[in-house]
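J.: Below is a structure I'd like to ask you about.
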Amino acid sequence: MKKLFFTLVCMMLTMSVTSQAKPDGDKKDKKEKFEKRGDMHKKFSPEKYYKHMEEYISKSAELTDNEKTKFFPLFKEMLEAQRKIVDQEREVMRSFKEAKTEAEFEKIIDKTTSLQVENKKIEQTYYKKFAKVLTWEKICKVRMAQTRFNMRALRSFSPRDARHGGGRNFKHRGFRPDFKDKKDQKNENAEQKQS
């Protein structure tokens, strides 16, 4: 009698486990979880990135509406000019794999450093143009905000454990423009205390 009872219990357990397992259900569950995450895993959009950077910079540098309308077209021009230089530098660095002699390696280094200098000259030229629209103080604030935004964006693209040597629990977070760094949190806390 005990053997029969034990056998029946075992059969019922195996039947319940096998009935719960769905071969296609796992894929559907994963797809649903992926879709629930929303924008986080959508393709990168340069327009969206620029829009978020513009919002962040204008808030951090405390730009007025008039300043925004005059400044951001110039800023976008500068970024486009710099992007062309960075693309050229990337092409030169790709030739690194084919280089075999010391002269070829020296040529690669010379070309990349001259492109980097050219990039900084573009930046310097545009800062003088910015000075016709903004004060130098605001230009400094813009530069600091741009650096903070780019660092924050890089952090949000990296895996969670990348700053701690990686790890098994790799989860790509995607770009999160609402992510606040410590400085942003301090500024918000100070604003709340004032009001």
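J.: Using only alpha carbon pairs under 8 Å that are at least six residues apart, calculate the relative contact order of the range 44-160 and give it in whole percent.
T.: Numbers: 62 pairs, mean separation 48.5, N = 117.
With pairs under 8 Å counted, the relative contact order is 41 percent.
J.: Moving on. Mean shadow of the range 44-160, computed from the convex hull of its alpha carbons, in nm²? Please list the in-between numbers first.
T.: Numbers: hull surface 35.7 nm².
Its Cα hull, projected and averaged over all orientations, spans 8.9 nm².
J.: Determine the shape class of the range 36-107: with a ≥ b ≥ c the square roots of the Cα gyration tensor eigenvalues, call it rounded for a/c under 1.5, and otherwise prolate if a/b is greater than b/c, oblate otherwise.
T.: It comes out oblate by the Cα gyration axes.
J.: Right, here's the next one. Given a cut-off of 24 Å, name the pairs among LYS121/LYS186; LYS76/LYS120; LYS48/LYS97; LYS84/LYS129; LYS48/LYS132; LYS43/LYS68 whose C-alpha atoms lie farther apart than that in the structure shown.
T.: From the list (LYS121/LYS186; LYS76/LYS120; LYS48/LYS97; LYS84/LYS129; LYS48/LYS132; LYS43/LYS68), the Cα-Cα distance tops 24 Å for LYS121/LYS186; LYS48/LYS97; LYS48/LYS132; LYS43/LYS68.
We did not get these values from a lab; they are worked out from the coordinates using the rules stated. Quick caveat: nothing in here was measured; it's all calculated off a predicted structure.
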